[in-house]
1. Using the Karplus equation 6.51 cos²θ - 1.76 cosθ + 1.60 (θ = phi - 60°), what ³J(HN,Hα) coupling, rounded to whole Hz, does each residue of the stretch 66-79 give in order, writing x for Gly and Pro?
2. Let's test the formula: R0 of 30 Å, r as the Cβ-Cβ distance of residue 52 and residue 106. What FRET efficiency results, to the nearest 0.05?
3. May I ask you to derive the FRET efficiency for residue 84 and residue 41 from their Cβ-Cβ distance with R0 = 30 Å, giving the value to the nearest 0.05?
Amino acid sequence: MESPDDLKKRNYSIFPGLAPGRRPRPGRESGRILFGPWSPRRGPVEDLIERLKTRYTVVIVTHNTPQAARVSDDTAFMVPGEFVEFDVTEKIPADPRRKLTEDHIRGRSG
């Protein structure tokens with residue numbers, strides 16, 4: 001696994017089209033990369049995640065479910081204090097098991 005310093009050096013070659021503030025940043029702890037806001041359309045961040053997930057476990061924590069769904073295999077839906085549902089990404093919107101999940105997907109919850 002590359003060190004955070006190696007990743008910092010490679011940021012410029014992996015994301016030549018992104019401004020420095022929009023490039024992923026290595027985390028302070030080894031093995032973590034922090035991403036800033038994604039583009040609403042598929043772009044270099046999602047392409048990198050697709051490549052990384054062939055070798056590593058990638059965990060995305062976001063409120064932007066359409067973007068996360070484009071690159072995730074499995075999805076966990078959580079609300080503060082509760083782990084609500086976990087399943088294959090394609091299955092959750094099509095057939096949620098919990099009403100709380102369905103309400104969120106359909107825009108009926110805050």
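FYI, it's all coordinate maths here, none of it is from the lab. Remember, it's a predicted structure, so these values are computed and weren't measured experimentally. Virtual Cβ from ideal backbone geometry, glycine too; neighbours counted across all protein chains shown.
1. Going residue by residue, I get x, 5, 5, 5, 5, 10, 8, 8, 10, 9, 10, 9, 10, 10 Hz, with x marking Gly and Pro.
2. So the FRET efficiency works out to roughly 0.45.
3. Working from the Cβ atoms, E equals 0.60.
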